[in-house]
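What follows is calculated from the coordinates using simple rules that are stated; it is not laboratory data. Keep in mind it's a predicted model, so treat the numbers as computed, not measured. Positions of Cβ are backbone-derived with ideal geometry, glycine not excepted, and every protein chain shown enters the neighbour counts.
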Amino acid sequence: MSTKTVIATSGAPAAIGPYSQATKANGFLFTSGQIALDPATMQVVSGGIAEQTTRVLENLKAVLEEAGTSFGNVLKTLVFLKDMNDFAGMNEVYARYFAPEGVTPPARSTVEVARLPKDVLVEIELVALV
């Protein structure tokens, strides 16, 4: 039986409920969904889908690094969009993090949802190897 380890970093917004930023076990990392909160202020960043996606991915990057892994080891992502019309803008930023030249991107699902925490435009969670 593997031990579950909680991952927490000040580089991403602190958990504000009964959940962890991420947990790892058996060589896998499972993150909670990240939204566009600035970890220093705990406020939603200003701007549109590009700015919010960038903040979300920077938050996830901090969690990955705290766990000792990186975007290159991500196996699966789940993207929640408030409006599927924002897909292209999200995807442009997403590609810079997950699919730079020569890197195989992870599997992904993207869904439109009725509402997200703090009325943000995007939330992303992931599973990675550690």
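In straight Cα distance, which lysines are under 17 Å from K4, not counting same-chain residues fewer than 8 positions off?
K24
Looking at [x] 94; [y] 107; [z] 125, which value of volume of the Cα convex hull per residue in Å³ comes from a calculation on the structure shown?
[y]
Using unit Cβ charges (K, R positive; D, E negative) and no other charged atoms, how large, in debye to the nearest 20, is the dipole of the chain about its Cα centre?
Charge dipole, the chain, about its Cα centre: 380 debye, nearest 20.
Suppose a student asked you for the relative contact order of the chain, using Cα pairs under 8 Å spaced at least 6 residues apart; what percent would you report?
31 percent.
Of all chymotrypsin sites (Phe, Trp or Tyr not before Pro) in the stretch 1-42, which ones are in loop regions per DSSP and have a Cβ with at most 15 other Cβ atoms within 10 Å?
Of the chymotrypsin sites (Phe, Trp or Tyr not before Pro), the ones in loops of the stretch 1-42 whose Cβ has at most 15 other Cβ atoms within 10 Å are Y19.
Hey, can you rank 40-46, 62-68 by average C-beta count inside 10 Å, highest first?
Peptide ranking by packing, descending: 62-68, 40-46.
Taking 0.36 nm per residue of separation and subtracting the Cα-Cα distance, what length does fully extending A14 through S2 add?
1.8 nm
Set the Förster distance to 35 Å, then compute FRET efficiency between Q43 and T23 from the Cβ-Cβ distance, nearest 0.05.
Efficiency at R0 = 35 Å is approximately 0.85.
Which value at 222 nm does the chain reach when only helices count, each DSSP H run of 4 or more adding -39,500 (n - 2.57), with the total divided by all residues and rounded to the nearest 500 deg cm²/dmol? Don't jump to the answer; show the numbers that get you there.
On the way: 2 runs with 30 residues, N = 130.
That comes out to -7500 deg cm²/dmol.
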